[in-house]
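Novice: Sharing a structure here in structure tokens format.
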Amino acid sequence: MRLLKGEDPLAIKEAGRIIREGGIVVFPTETVYGLGADAFNAQAVARVFEVKKRPYFDPLIVHIKDPKDLEEICEGVDERVKKLMDRFWPGPLTLVLPKKDKVPDIVTSGLKTVAVRMPYHPVALSLIKESQTFIAAPSANSFGKLSPTRVEHVLKDIGDKVDLILDGGPCEVGLESTILALYPRPTLLRPGGIPLEEIEKLIGKVEIASSGERPLAPGGLSKHYSPRTALRILREGEKIPEGLKLGLLAFRKPREGPFWAIEVLSERGDLREAASRFFEALHRLDSLGLDLILAEPFPEEGLGLAIMDRLRKAEGDRKA
Ligand code: AMP
Ligand code: MG
């Protein structure tokens, strides 16, 4: 494995060559770091699943460099889709549309639809261009674990199993993309970096998929995005447990209590700032050998919806 600076044009050239030749590359995006392979090379994509230990029933997102690329791999690019692309691309919105045959089944886990996104991170865009293909990529972490928002997170986890890592610094949005299916009607499959309210302003009411309806999205698994340490969301009026080595994930300010470590996500109460620090703060708390991480609930509006989704997944069924 090699680690190169994402802003170096030679590094991008090298990364593009590796993708073209069927290798796998970790690259920065505005959401989280991705583990990418040529979307049309089924063997290369299979290696992505292997390295992540990701189950094959869990499809990947195809990353494109231009809205025009969408019609190469999708059907159903109608007025709604064009409006969404105009407004939110490049950016953290993933669209799920009927796929064309040229998209290999392994990318979509055999589904007839494909998830597509155009990122705005300049390193991601340059890499897709340089590779002369589209890049299928999930987050660059072991399946079910915390998503990586810095290159250090990748190095600690799967760093030694990939061909090249491009360092692009910390991820600006810090949460995965919002995933929206368009057919048969607009449905939110995963809350993420683009707030649901903004999508609804543009195309009207969006249904929210219940977990039963989206068994194919990790967002739909009851436990995901998890630290190794047990995590629990603090409920209103709940007593802080005693005799445990505790960490606190707080929104605006620390609270009183026997905490070993406290992470405050946004003193000014800005959900965007909180989202961008979310995984990073959890990675830090997770490295301290705590018995339990307590997380304050976040308001479920704007990016708060995505934060609460990740916290509930991290909590899973554990009641520790
Ligand atoms: P990740 O790249 O790790 O953020 O995961 C990609 C997400 O996109 C997962 O939640 C996938 O299940 C979801 N996804 C990818 N393709 C599809 C699809 N065709 N239909 C529904 N969800 C999808
Ligand atoms: Mg992921």
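The values are calculated or read from the model by the stated rules, or taken from the named source; none is laboratory data. Please read these numbers as outputs of a predicted model, since none were measured by experiment. FYI the Cβ positions are ideal-geometry reconstructions off the backbone, even for glycines, and counts take in every protein chain you see. Surface areas here come from the heavy atoms of the whole protein model, side chains and all, with no ligands, DNA or RNA. Shrake-Rupley method; radii C 1.70, N 1.55, O 1.52, S 1.80 Å.
Novice: Around Asp167, which amide H atoms from residues at least 5 apart in sequence, or from another chain, sit under 5 Å from its own amide H, with H modelled in the peptide plane?
Specialist: Excluding prolines and chain starts, which carry no amide H, the hits are Leu4, Lys5, Gly6.
Novice: Cut-off under 13 Å on the C-alpha distance; same-chain residues fewer than 8 positions from Lys52 excluded. Which aspartates and glutamates are left, in chain and number order?
Specialist: Partners within reach: Asp157, Asp160.
Novice: A further question follows. Provide the per residue accessible area, probe 1.4 Å, for the chain, rounded to a whole number of square angstrom.
Specialist: 43 Å²
Novice: Determine Rg/Rh for region 107-250; Rg is computed over alpha-carbon atoms and Rh is the Kirkwood hydrodynamic estimate from the same atoms.
Specialist: Computed over Cα atoms, the ratio is 1.00.
Novice: With unit charges on the beta carbon (Lys/Arg positive, Asp/Glu negative), name the residue among Gly302, Val96, Val107 whose Cα is farthest towards the positive pole of the charge dipole of the chain.
Specialist: Val107
Novice: Here's another thing I want to ask about it. Let's see if you can work this out: charge +1 on each Lys and Arg Cβ, -1 on each Asp and Glu Cβ, no other charges. What is the dipole magnitude of the chain about its Cα centre, in debye to the nearest 20?
Specialist: Charge dipole, the chain, about its Cα centre: 460 debye, nearest 20.
Novice: If each residue of separation counts as 0.36 nm, what is the full-extension length gain between Arg255 and Glu300 once their alpha-carbon separation is subtracted?
Specialist: Here the segment from Arg255 to Glu300 would lengthen by 14.2 nm.
Novice: Moving on to the next point. Calculate, axis by axis, the spread of Cα positions in region 51-105 along the three principal axes, and write the results as whole Å, longest axis first.
Specialist: For region 51-105, the Cα extents along the three principal axes come out at 36, 24, 17 Å.
Novice: Counting DSSP beta bridges in the chain, what percent are antiparallel, to the nearest 5?
Specialist: 35 percent
Novice: Okay, moving on. Taking amide H atoms as placed 1.01 Å from N in the peptide plane, list the residues 5 or more away in sequence, or in a different chain, whose amide H sits under 5 Å from that of Ile135.
Specialist: It is Ala39, His63, by chain and number.
Novice: Right, next: Calculate, in nm to one decimal, what Glu21 and Leu155 gain on full extension: separation in residues at 0.36 nm each, minus their alpha carbon distance.
Specialist: 45.9 nm
Novice: Moving on to the next point. Relative to the longest principal axis of the chain, what angle (0 to 90°, nearest 10) does the C-alpha long axis of helix 9-20 take?
Specialist: With both axes taken from Cα atoms, the answer is about 70 degrees.
Novice: Output ³J(HN,Hα) for region 257-269: one whole-Hz value per residue in order, computed from phi by the Karplus curve 6.51 cos²θ - 1.76 cosθ + 1.60 with θ = phi - 60°, and x for Gly and Pro.
Specialist: Result, rounded to whole Hz: x, x, 8, 6, 8, 10, 10, 9, 7, 7, 4, 8, x.
Novice: Can you tell me what share of the DSSP beta bridges in region 47-189 is antiparallel? A percent to the nearest 5 is fine.
Specialist: Approximately 60 percent, going by the DSSP bridge assignments.
Novice: Sticking with this one: Output ³J(HN,Hα) for region 286-299: one whole-Hz value per residue in order, computed from phi by the Karplus curve 6.51 cos²θ - 1.76 cosθ + 1.60 with θ = phi - 60°, and x for Gly and Pro.
Specialist: 5, 8, 9, x, 6, 7, 7, 9, 9, 10, 5, x, 10, x
Novice: State whether region 1-134 is rounded, prolate or oblate according to the following rule on the C-alpha gyration tensor (a ≥ b ≥ c being the square roots of its eigenvalues): a/c under 1.5 gives rounded; otherwise a/b larger than b/c gives prolate, and the remaining case gives oblate.
Specialist: Oblate.
Novice: Where Rh denotes the Kirkwood radius from the mean inverse Cα pair distance, what is Rg over Rh for the chain?
Specialist: 0.96
Novice: Rounded to a whole number, what % of the accessible area of the chain do carbon and sulfur atoms account for, probe 1.4 Å?
Specialist: For the chain, the apolar C and S fraction of the accessible surface comes to 52 percent.
Novice: Between Asp8 and Lys129, what FRET efficiency follows from the Cβ-Cβ distance if R0 is 25 Å, with the result rounded to 0.05?
Specialist: E between Asp8 and Lys129, to the nearest 0.05, is 0.95.
Novice: Sticking with this structure for a sec: Binning every alpha carbon pair distance of region 55-157 at 5 Å from zero, what are the percents per bin?
Specialist: Reading the bins upward from 0: 2, 12, 21, 22, 21, 14, 6, 2, 0.
Novice: Working from Cα positions, state the angle (0 to 90°, nearest 10) between the long axis of helix 122-131 and the longest principal axis of the chain.
Specialist: In the chain, helix 122-131 runs at an angle near 30 degrees to the longest axis.
Novice: Helix 304-315: angle to the longest alpha-carbon principal axis of the chain, degrees 0 to 90, nearest 10?
Specialist: Relative to the chain, helix 304-315 is tipped by roughly 70 degrees.
Novice: What is the pair-distance distribution P(r) of region 238-286, computed from all Cα-Cα distances in 5 Å bins starting at 0, with each bin given as a whole percent?
Specialist: Pair shares across the bins are 5, 23, 27, 22, 15, 7, 1.
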